[in-house]
Amino acid sequence: MIRFAHVSKDYPKGAALKNVSLHVAKGEFVFLTGHSGAGKSTILKMMYGELRPSAGDVRVSGYSIGDLSAGDVPKLRRRLGVVFQDFRLLEDRTAEENVAFALEVTGARRDGIPARVMRVLTQVGLAAKAHAYPQELSGGEQQRVAIARALVLDPAILIADEPTGNLDERATRGVFQLIREINAAGTCVVMATHDLDLVKQTTYRTIELREGQIVYDSGAEAGAAAAEDDL
Amino acid sequence: MRLLLREAFAAFRRAPLLSALSITTIGFSLYAVGLFALVAVNMKEALRLVEQRVEVVAYLLHGTPPESIALASQDIAAFPEVERVTFVSEDEALKRARAELVEFRDAYRDLAVNPLPASLEISLKDGYRDADHTAAVAARLKGYGFIDDVRYGREWIEKLDRLRNIAGLVGLMIGLAFAAVAVVIIGVTIRLTVLQRAREIQVMRLVGATHGFIRGPFLLEGAIKGLLGGLVAIALSYGTYTLLRGQIQLATSDIVFLRSSQVALGVCFGVAIGFLGSLMSVERHLRNV
């Protein structure tokens, strides 16, 4: 599903990633941990084609990120769902419209949109608040809308950059539970987090980064073996 | 296509104040250009009215046979610069002098012999009423044996020439400056509206909308704003024209408004700036999220 082979990312200020190699298999759940600036976001941004490697090879869902053409970027992103710490919802649209927006702007058939939107809003537990605007929702609910928007395109991979970073403990538990359910249904999840309590709750594979290098990977071998056949 | 239209118009509904503000800004920027155009067009019109009075008068020797005059008139009328040749006989000249020079009416009445010569009044075509062409025509007229003297107000025409050149140059420079200011102001306004929707562009990119799809509504919105701004500018300019008409007179006639082709050009200018301004702003956002 995802493969990084000897990947580096250099900036004028210094290297953000140094010789990172990792494999993530289909359906796997992977935590990326580490301090701010350790390189978590750089890895995630490469996964959804926002950054390109300075050296090495990144493959995601069959696309080589280093050789991505402008026309390939939208195609890659339609196979991924991405959620952020700050939700990135459109404030002037309801929950329902925010989710529908993802379908509309990717050219989905109009007559199928309402049903698909309701299905994912139900899945994230927000069917009753479909007509609420983001500012009328709690942080946890807003993140659920963002997750619904990511899910509505049926992604093979869900990329989550600190999805619980802005949430209180209760909302964090709910959102994390939702992400686990999504993974249980077969979607590969890569989640960057600071929250070591979350990481300790589960037995999911954990990759720890420090100064742009992988210093710990709880499932490197299993991941590598599984990744061989699904790329 | 339907989504494109819906999204473009939804932008006006979602941010009515900003939309109204940007249309007004575009409108007033183009209004400044329109006002300048109005001044330029009327200055040109005034010059044209003055130019129409450019005339070469050839005084004929007393006793020139009418056949020679008729023949020469035809000849002169065939000059490329010449619009019309009018023969003024000695009697007519006297009649005119009596009518126009009231102070000398008595003197002219008692004359035993008419002292005034016959003449050919030659008016020139548009585009030939400058010092060089007028002098050339005058020189050719002097070649006729029966033409005694040629007058055309050389100094006056040279002044007119200079005025025309200065007006043209200053007009061009001020016009370009006004247009440049309008482009900058409109560009900033459009960028502001795109900036306000940066989050939207970011989300569209994130979920995999193609660049073409992202651009579409913004370009349409920009073009519509340009169009509406252009119409506002035309309305304001016309209002100003209506107020001034009757207050300001050109040499002999009322001030004129822009021709419909010029109005259309102004509106197209608005649409083009709206479109290009949006294109440039959106491209910036497409390059870096």
- [ ] Considering each of A:97, A:104, A:141 in turn, give the residue that is open to solvent by 10 Å² or more (accessible area, probe 1.4 Å) and touching a residue at least 12 places away in the same chain (Cβ under 8 Å).
- [x] A:141
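Which of the residues spanning the stretch B:186-222 are small (Gly, Ala, Ser) and surrounded by fewer than 21 Cβ atoms within 10 Å (Cβ to Cβ)? Talk me through it step by step, then tell me what you get.
Filtering the stretch B:186-222 down to residues small (Gly, Ala, Ser) leaves B:187, B:198, B:208-209, B:212, B:216, B:222.
B:187, B:198, B:212, B:216 - these are the residues of the stretch B:186-222 that are small (Gly, Ala, Ser) and surrounded by fewer than 21 Cβ atoms within 10 Å (Cβ to Cβ).
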Task: the stretch B:207-227 residues that are facing chain A (nearest Cβ under 10 Å), paired with ones that are assigned to a helix (DSSP H, G or I) and basic (Lys, Arg) (beta carbon under 8 Å, 6 or more apart) - done: B:207/A:77; B:207/A:149; B:208/A:75; B:208/A:77; B:214/B:205
Open item on the list: Criterion first (of a type in the set (Lys, Arg) and within 19 Å of residue B:170 (Cα to Cα)) does residue B:48 satisfy it?
Closed with: yes
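Return yes when residue A:181 is among the charged types (D, E, K, R) and over 19 Å from residue A:162 (Cβ atoms) and no when it is not. Give the steps one after another, and end with the answer.
On the way: among the charged types (D, E, K, R): yes; over 19 Å from residue A:162 (Cβ atoms): yes.
Considered against the rule, which asks whether it is among the charged types (D, E, K, R) and over 19 Å from residue A:162 (Cβ atoms), residue A:181 comes out as yes.
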TODO: Please specify each residue of the stretch B:240-274 satisfying the condition of being outside any helix (DSSP H, G or I) and open to solvent by less than 30 Å² (accessible area, probe 1.4 Å).
DONE: B:250, B:255, B:258
- [ ] Could you tell me whether residue A:21 is polar (S, T, N, Q), more than 14 Å from every other protein chain (Cβ to nearest Cβ) and over 21 Å from residue A:164 (Cβ atoms)?
- [x] yes
Task: Pairs with Cβ under 7 Å, 6+ apart, first in the stretch A:65-81 and without any contact (Cβ under 8 Å) to a residue 40 or more places away in the chain and within 7 Å of chain B (Cβ to nearest Cβ), second among the aromatic types (Phe, Trp, Tyr) and open to solvent by less than 40 Å² (accessible area, probe 1.4 Å) - done: A:77/A:48
Open item on the list: Quick test for you: out of A:99, A:58, pick the one residue that is part of a strand (DSSP E or B) and modelled with pLDDT of 95 or more.
Closed with: A:58
Task: Odd one out for residue A:133 among (1) open to solvent by 60 Å² or more (accessible area, probe 1.4 Å); (2) more than 25 Å from residue A:181 (Cβ to Cβ); (3) away from chain B (no Cβ under 14 Å) - done: (3)
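The values are calculated or read from the model by the stated rules, or taken from the named source; none is laboratory data. The model shown is predicted, which means the values in this text are computed figures rather than measured ones. Please note: Cβ atoms are built from the backbone with ideal geometry, for glycine as well, and neighbour counts cover all protein chains shown. To get the accessible areas, we keep the full protein, side chains included, count just its heavy atoms, and leave off ligands, DNA and RNA. Shrake-Rupley method; radii C 1.70, N 1.55, O 1.52, S 1.80 Å.
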